[in-house]
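These notes are about the structure you will find just below.
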Amino acid sequence: MDGNSGGPGASGAGGTAAASIAPLLAPDGWALLEALPPYPGPDAALGLGARLRAEGADPALVAAALTQSRLRARAAAKFGPFADGMLFTAEGLEQATRLEVAAHHARRFRDAGCTRVADLGCGIGGDAMALASLGLEVLAVDRDEAAAAVATVNLRHWPEVRVRRADVLDVLPHLGAGTDPGLAGVDGAWLDPARRTASGRRVLDPERASPPWSAVLDVAARVPATGVKLAPGIPRDLAAASGRSAEVQWVSVDGDVVEAGCWFGPLARPGVAASALVLRGGPGGRTTTVVDGTGMEPPAAIAAPDGVGAYLYDPDGAVVRSGLVGRVAELVGGVLVDPTIAYVTSSRLVETPLARALAVEEVWPFGLKALRTRLRDRGVGAVEVLKRGSAVDVEQLRRSLRLEGPRSATLVLTRLAGQQHVLLCRPVVHG
Ligand SMILES: C[S@@+](CC[C@H](N)C(=O)[O-])C[C@H]1O[C@@H](n2cnc3c(N)ncnc32)[C@H](O)[C@@H]1O
């Protein structure tokens, strides 16, 4: 907590999640957790728990340690090998920023020259860890007792990090005012507002997140270098509609759009209102691609359905959300299939992390009976269905097609120059 002494000696745990963490913060609890084998799966964990209890371990401690062991195993997807030295709450893990994305957040602060960043709603400390690992001083604040306790443990390796259990709304008036010693000199602020209600329902309106969008704007007014993680579905003009200029960057990881990061002041790149950060591939061949709209021509579209070329490009979700499909069109020398649809077509095959390429075999006007006959004639027994700008219910379509045959194919349901069509495609495997 504030005055973080480091190490899993944090105290003050109470409440449900915090109570299950508390036994692990004592030396014998931590020792038991560290001595556990890798999480063996739920069934074997029952046996392991029984054995530990039979050997005399406190049942509450065994339960807490096995819960952490399970959460650590799950957390490896976000935190890699670091997960094994961390503590989690189930909710905190679900909400945490994966380390790879947090590293991108942290770099923005470092590159903007920030030295002391307040992480306002730090959760289990995913973002704060990335900030600290770049050598930034961090004040990590969370009102939740369990989150603050767990963040204290997870940030123990960085003595220059302070964790404070407090409400951001109470901290906010002191930002930039310089009367609170913990907040003095804060030159960067990061927020990752909770997007679930107490009953667990997701909230889409950023003003209903906690802290709300209005508080984020207040922080940004006090600390110019403010960044905030928002849901990917926010309106593209959210910041502009609030009278603020910002760079909003949609981020995808292996095709899943995970966030829209909104960057104010020196954290925004000059002249860039929207951008996409696309992270793809395995550890051996990870690619990181950033695109923005600077100097981009508005994309053209085909004039008639027969304008579809040999290839169809399905742009990454971050590119679509950020409104930068024109970048894909430029890259592949293509055009949109319709002025309002985010598919690009081209006669050229170009390998890019920004879009998935499909080879177009045939193009038909959409009609169920004709489609069924055509797929039967071609021996297509399994289909992957993609759609944009089509109201067709995919599962119902699958049932109605009653497919049979040895071939598999990709069907793309979409509008071509204003008319509903279906494209029979084959995925392109780049060599
Ligand atoms: C999405 S999580 C943050 C996750 C974090 N960025 C990470 O990577 O681990 C949001 C956190 O904000 C905290 N929070 C929500 N409203 C708050 C408020 N008014 N004051 C302090 N903390 C708040 C919640 O307790 C939760 O831990």
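The values are calculated or read from the model by the stated rules, or taken from the named source; none is laboratory data. Source: prediction; values computed, not measured. Methodologically, a virtual Cβ is constructed for each residue, glycine included, from the backbone with ideal geometry; neighbour enumeration extends over all protein chains shown.
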Which numbered condition Gly431 misses (of (1) closer than 18 Å to Gly309 by Cβ; (2) part of a loop (DSSP other than H, G, I, E, B)): (1)
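From the list Val153, Val117, which residue is among the β-branched types (Val, Ile, Thr), in a helix (DSSP H, G or I) and within 14 Å of the ligand (Cβ to nearest atom)?
Val153
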Could you identify the single residue in Ala128, Ala118, Ala90, Ala96 that is surrounded by 24 or more Cβ atoms within 10 Å (Cβ to Cβ) and out of contact with any strand residue (DSSP E or B) (no Cβ under 7 Å at 6 or more places or on another chain)? Ala96
In the stretch 312-382, which strands (runs of 3 or more DSSP E) lie fully inside it and hold 3 or more residues that are in contact (Cβ under 8 Å) with a residue 40 or more places away in the chain and not assigned by TED's automatic domain parsing to the domain that holds Val278? 341-346, 355-365
Residue count, the stretch 208-231 (criterion: part of a loop (DSSP other than H, G, I, E, B) and away from the ligand (no atom under 14 Å from the Cβ)): 3
Of all residues in the stretch 192-207 being acidic (Asp, Glu) and free of Cβ contacts under 8 Å to residues at least 60 places away in the same chain, which is farthest from the ligand (Cβ to nearest atom)? Asp205
Given (1) in the same structural domain as Ala128 (by TED's automatic domain parsing); (2) touching a residue at least 24 places away in the same chain (Cβ under 8 Å); (3) under 23 Å from Pro353 (Cα atoms); (4) in a loop (DSSP other than H, G, I, E, B), where does Gly309 come up short, assuming only one miss? (1)
Restricting the stretch 61-101 to residues that are closer than 16 Å to Gly123 by Cβ, among the small types (Gly, Ala, Ser) and touching a helix residue (DSSP H, G or I) at 6+ places or on another chain (Cβ under 6 Å), the one nearest to the ligand (Cβ to nearest atom) turns out to be Ala96
Within the stretch 123-147, restricting attention to residues that are near the ligand (Cβ under 6 Å from one of its atoms) and assigned to a loop (DSSP other than H, G, I, E, B), which residue is nearest to Glu100 (Cα to Cα)? Gly125
Mind listing whichever residues of the stretch 49-66 are within 15 Å of Glu34 (Cβ to Cβ) and part of a helix (DSSP H, G or I)? Leu52, Leu61, Val62, Ala64, Ala65, Leu66
For Ser210, state whether it is touching a residue at least 24 places away in the same chain (Cβ under 8 Å), surrounded by fewer than 22 Cβ atoms within 10 Å (Cβ to Cβ) and out of contact with any Ser or Thr (no Cβ under 7 Å at 6 or more places or on another chain). yes
Determine, yes or no, whether Pro270 is out of contact with any Cys (no Cβ under 6 Å at 6 or more places or on another chain) and either assigned to a strand (DSSP E or B) or surrounded by fewer than 16 Cβ atoms within 10 Å (Cβ to Cβ) (or both). yes
Of everything in the stretch 249-267, what is surrounded by fewer than 24 Cβ atoms within 10 Å (Cβ to Cβ) and β-branched (Val, Ile, Thr)? Give them in sequence order. Val253, Val257, Val258
Restrict the check to the stretch 324-336 and report whether at least one residue is charged (D, E, K, R) and within 28 Å of the chain's Cα centre (by Cα). yes
Can you tell me which residues in the stretch 156-191 are near the ligand (Cβ under 9 Å from one of its atoms), in a strand (DSSP E or B) and of a type in the set (A, V, I, L, M, F, W, C)? Trp190, Leu191
Can you pull out the residues in the stretch 394-417 that are assigned to a loop (DSSP other than H, G, I, E, B) and under 20 Å from Asp314 (Cβ atoms)? Ala417
